[in-house]
Amino acid sequence: MVSFSRLTTSSAASLLCLVWLLTISSPASASFTCTSAATCDAIIDYTLPNSTTFNALKKLFQVKNLRSLLGVNNLPMTTPADQKLPANQTIKIPFPCLCRNGTGIANKRPTYTVIPDDFLSHIVTDIFAGLFTVQELQTVNNISNPNLIQPGDKLWIPLPCSCDDVGGEKVVHYGRLVATGNTIEGIAQRYNVSQDTLLRLNRLASPKELLAGSVLDIPLKACQSTVSNTSLDYPLLVPNDTYVFTAANCVTCKCDSANNWTLQCQPSQIKSSLWKTCPSMQCQGLDNFYIGNVTSSDCNSTACTYAGYSNQTIFTTSTQLTCPAADNNSSGMRPGTESWNIILVAIHLVFLSALYLR
């Protein structure tokens, strides 16, 4: 331990300068605004302080199963739990969110068990990579003296999140780590959200206030689904380039914006957490017509889609798949074809005129 009484004037000045730089370069708070009294699912980036495995991440953040971790990162289900992940790689973490007192934080999960020689700033910085502040950790755990934490104490980890609707739509709030060189404009374009929305959600007066290393609240659009509001998994919000397991693991659903933002679901072939065998997933009206099936590969066909589940059954519905809007070009030619034809005719006339005048 260095004694301040032994510091030279130069050393003391350097130390004060370092403290000042750290203060102005770090966000004062990582919390997200959440005005609705609700719980929901959220996502946050985590940059690995050290090399680790998916299994270790699952344990640290108390993610219920490996497939949830793989799904939110859009990784193959065959990815091994002990696969080595290098330090400084960023992995998305799914977790439950709780809104209270105008702020969203992780809903009692994860928790962290204090070990000998732990201290709060070490837990915040070295273990959870600065996803929240020391003050926030103290507040949610009612710690008045940070020097009095004891081995065995269980700390509630306040990951920032939100459950608020945005623009009248339900979204999945994603805590994205801001990298050096990132801009509000670039992030807005990447995630198909307006700059004004990002500034408002994150309480930024201007794009210039964006700080590298901060956690930005980004509302992710979810694929449209036919899940009923009486279903146990309503609302089933699956953002682009992710997949989830639902209906007690009997159904897997993925979101791909290339599919017109329509949720794609099918039987999962995974052991159910509720039933010995998964209930029927057949749509009425056609034999051998189940969730994920379509009547043909053409447009104007019928699809059997997932509509939710209860403790007794899995709901299905038939959905009409329509053709893309027809082009108003009644001649059937591609747009611009008529213009090119006129140009080609003009060229031919020029050549004919030249031959005639020779």
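Within the range 52-71, the only residue that satisfies the criterion of being among the basic types (Lys, Arg) and not in a helix (DSSP H, G or I) is LYS64. Is there a residue in the range 75-88 that is farther than 26 Å from TYR243 by Cα, assigned by TED's automatic domain parsing to the domain that holds CYS161 and small (Gly, Ala, Ser)? Scanning the range 75-88, I find no residue that is farther than 26 Å from TYR243 by Cα, assigned by TED's automatic domain parsing to the domain that holds CYS161 and small (Gly, Ala, Ser), so the answer is no.
Of the residues making up the range 214-226, none is buried (at least 22 other Cβ atoms within 10 Å of the Cβ), touching a strand residue (DSSP E or B) at 6+ places or on another chain (Cβ under 8 Å), modelled with pLDDT of 95 or more and hydroxyl-bearing (Ser, Thr, Tyr). Inspect all residues belonging to the range 117-126 and state whether any of them is surrounded by 18 or more Cβ atoms within 10 Å (Cβ to Cβ), under 27 Å from VAL244 (Cβ atoms) and without any contact (Cβ under 8 Å) to a residue 40 or more places away in the chain. Within the range 117-126 (the criterion being surrounded by 18 or more Cβ atoms within 10 Å (Cβ to Cβ), under 27 Å from VAL244 (Cβ atoms) and without any contact (Cβ under 8 Å) to a residue 40 or more places away in the chain), the answer is no, since none of the residues qualifies.
Of the set (1) under 26 Å from GLN224 (Cα atoms); (2) surrounded by fewer than 18 Cβ atoms within 10 Å (Cβ to Cβ); (3) among the hydrophobic types (A, V, I, L, M, F, W, C), all apply to PHE95 but (2). Answer yes or no: is there a residue in the range 173-182 that is assigned by TED's automatic domain parsing to the domain that holds VAL72, among the basic types (Lys, Arg) and in a strand (DSSP E or B). Among the residues of the range 173-182, at least one is assigned by TED's automatic domain parsing to the domain that holds VAL72, among the basic types (Lys, Arg) and in a strand (DSSP E or B), which makes the answer yes. Could you check, for the range 37-53, whether at least one of its residues is loosely packed, with under 13 Cβ neighbours inside 10 Å and at pLDDT below 95? Scanning the range 37-53, I find at least one residue that is loosely packed, with under 13 Cβ neighbours inside 10 Å and at pLDDT below 95, so the answer is yes.
The residue pairs whose first member lies in the range 196-210 and is within 20 Å of ASP164 (Cα to Cα), whose second member is in a helix (DSSP H, G or I) and modelled with pLDDT of 95 or more, and whose beta carbons are closer than 6 Å, counting only pairs six or more residues apart or on different chains, are LEU198/ILE184; LEU198/ALA188. I'd like the residue in the range 157-172 that is touching a strand residue (DSSP E or B) at 6+ places or on another chain (Cβ under 6 Å) and in a strand (DSSP E or B) and, out of all such residues, is nearest to CYS99 (Cα to Cα). Among those residues, the one meeting the criterion is CYS161. Restricting LEU137, LEU131 to those that are in the same structural domain as VAL72 (by TED's automatic domain parsing), without any contact (Cβ under 8 Å) to a residue 60 or more places away in the chain and of a type in the set (A, V, I, L, M) reduces the list to LEU137.
The values are calculated or read from the model by the stated rules, or taken from the named source; none is laboratory data. On a predicted model such as this, the values are computed, not experimentally measured, just so you know. Please note: Cβ atoms are built from the backbone with ideal geometry, for glycine as well, and neighbour counts cover all protein chains shown.
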